[in-house]
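Below are the structure tokens for one structure; questions will follow.
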Amino acid sequence: MALLSERQQLAQNLARSIGQMQGAYVVNVMPLAAGAHLRVHVEQPHCQDVRGVIEGWGWRVVDCGNTSRFNVSDGTMRLTAIYEVQLDTERQEVQQDREVAATMEAIYGKKR
């Protein structure tokens, strides 16, 4: 079993909490891929309530349109909002000083 990154653990916990809300479904495969954000389907009429709770937790929520979702409990299709909960992406250290120095030398013919 692979160890989850801090971001993946956060995504799993957040997905679990969102999934407990009425009409809300996290549709990402877990563990969350690097650079991905949580995609959430929320059935009407729960959209504003779910979005408000997630934003109340301090997360940025982006509206990605609408779709329909089959509801197993009553066999109907429901209008569903698609949200993306923006999670910070993991950053990889880049040795920019070397790159900047090489670029400056290439452009100006001297080191910075």
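The values are calculated or read from the model by the stated rules, or taken from the named source; none is laboratory data. Just so it is clear, the structure is predicted and the values come from calculations on it, not from any experiment. No Cβ is skipped: glycine too gets one built from the backbone with ideal geometry, and neighbour counts run over all protein chains shown. Only protein heavy atoms, including side chains, enter the accessible area calculation; ligands, DNA and RNA are left aside. Shrake-Rupley method; radii C 1.70, N 1.55, O 1.52, S 1.80 Å.
Mind checking segment 30-77 for chymotrypsin sites (Phe, Trp or Tyr not before Pro) that DSSP puts in a loop (not H, G, I, E or B) and that have at most 14 other Cβ atoms within 10 Å?
On the way: sites: Trp57, Trp59, Phe70; in loops: Trp57, Trp59.
Answer by residue number: Trp57.
For Pro45, what is the net charge nearby, where nearby means another residue's Cβ is under 15 Å from its Cβ and Lys, Arg count +1, Asp, Glu -1? Numbers along the way, then the final one.
Numbers: positive: Arg51, Arg69, Arg78; negative: Glu43, Asp49, Asp74.
Here the count lands on 0.
A further question follows. Which of the listed residues, Val50, Thr76, Ala11, is farthest toward the dipole's positive end in segment 9-81, when Lys, Arg count +1 and Asp, Glu count -1 at the beta-carbon?
Positive-most Cα among the choices belongs to Ala11.
Another one. With a 1.4 Å probe and all protein chains in place, put Asp49, Asp74 in order of accessible area, largest first. Please report the intermediate quantities before stating the final value.
Working: Asp49 110, Asp74 80 Å².
Correct descending sequence by accessible area is Asp49, Asp74.
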